[in-house]
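Here the structure comes first, spelled out in structure tokens, and everything after it is commentary.
What follows draws every value from the coordinates through simple rules; no lab data is involved. The shown structure was predicted, so the numbers you read here are calculated from the model rather than taken from an experiment. Note that each Cβ is placed from the backbone with ideal geometry, even for glycine, and that neighbours are counted across all protein chains shown.
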Amino acid sequence: MRSFIFGTDWGEDCDDVVALRILARKHKAGEIKLLGIAINTCIDESAASLDAFLASEGVELLPIGIDRSATELCKKITYQKRLATSGKARITNADAEDGVNLYRRILAEATEPIEIIEVGFLQVLAGLLESEADEISPLDGIELVRTKVAKIWSMAGKFDEDGGREYNIHKSELTRKAADTVVKKCPVPITFLGFEIGFPVITGGDAVLKEGDVLLDAMRDYGNGHGRNSWDPMTALLAVIGDEEKAGYNTVHGTVSVDIATGANYFAKSENGLHAYVVKKFDDTYYAEAINKIIA
Ligand SMILES: [Ca+2]
């Protein structure tokens, strides 16, 4: 069975919650194994709200990591409050591991290749790549990733124009540097799902989800009770399917670069590039229906 670590800027948008429902349901169904989750934003309710959502999905207590320094990356308190005070949370931030440690530990312990899904900012992955050998593993971050990670699926970038700007990359100096580090240092393939792919695909909301559904409450808390753009759930479903072609996409291969000053991303096409971005083969309803079928 394929195993995943999920990275999320939990709280910055509600499409992360839609993505996590897909992963939680596939994990519960035994189709994938979710080994852990790394949160790359930090407010007091971060770990508790994420765990409460997993608990309400019927998922066992999973290893959760957090970047405790990322307090500048999420100022929004929307669904986190409701979930953290729902009485379902089994942990708080204090119980969560450091995000980079979580990655290092899970990768060090892995006996099978692991895939990473990242639908938020890239500083924890950058921290992993820049990590040194320690008591967890004699391998530095780049070697750990090279030997243990099969592939990374990332919601980041904008690829329908040269020099496009997308939030997960351009938000701040920290996120721009992190994205630059990841695209330069990551030794394994990364498939990017860009802003332009998820923007026109609307999923979830009250046309799809029943009253009383925690996901609908979270979407309403965020202000998207009638559905939300599908950047993160499309990335999660693409990763779960595990094959761009089968998931309904063509791929363009090459190398991503990031302008640290502006947060713009660029793409140099090449057959052997470690990076790829996806392009839709079908119309938007194809992807929306595939997601709604899973989350409803
Ligand atoms: Ca996100």
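Worth a mention:
- A straight chain from Lys177 to Ala296 at 0.36 nm per residue would run longer than the Cα-Cα distance by 39.1 nm.
- Whole-angstrom gap from segment 168-188 to segment 91-116, using each part's C-alpha centre: 20 Å
- For peptides 153-165, 260-272, sequence by mean Cβ density within 10 Å, most packed first: 153-165, 260-272
- Computed FRET value (nearest 0.05) for Asn93 with Asp162, which takes r as the C-beta separation and R₀ as 30 Å: 0.15
- Rounded FRET efficiency, nearest 0.05, which uses the C-beta distance separating Ile241 from Glu109 and R0 of 41 Å: 0.95
- Cα gyration tensor shape for the chain, rounded if a/c is under 1.5, else prolate or oblate: rounded
- Thr71 paired with Glu271, simple spin-label distance in nm, labels 7 Å along Cα-to-beta-carbon: 5.3 nm
- Among Leu129, Leu34, Leu139, the residue with the largest mean-square fluctuation in a Gaussian network model of the chain, with springs joining Cα atoms closer than 10 Å, is Leu139.
- Gain on full extension, evaluated as 0.36 nm per residue between Lys184 and Glu289 minus their Cα-Cα distance, stands at 34.3 nm.
- Compared with the alpha-carbon gap, the fully stretched path from Glu60 to Phe199 is longer by 46.8 nm at 0.36 nm per residue.
- Among the listed pairs Lys148/Lys184; Lys33/Lys158; Lys81/Lys171, those with a Cα-Cα distance over 25 Å are Lys33/Lys158.
- Highest-fluctuation residue, Asp243, Asp95, Asp13 considered, GNM on the chain with Cα pairs under 10 Å: Asp243
- Listed peptides 175-185, 284-294 by packing density, highest first (mean Cβ within 10 Å): 175-185, 284-294
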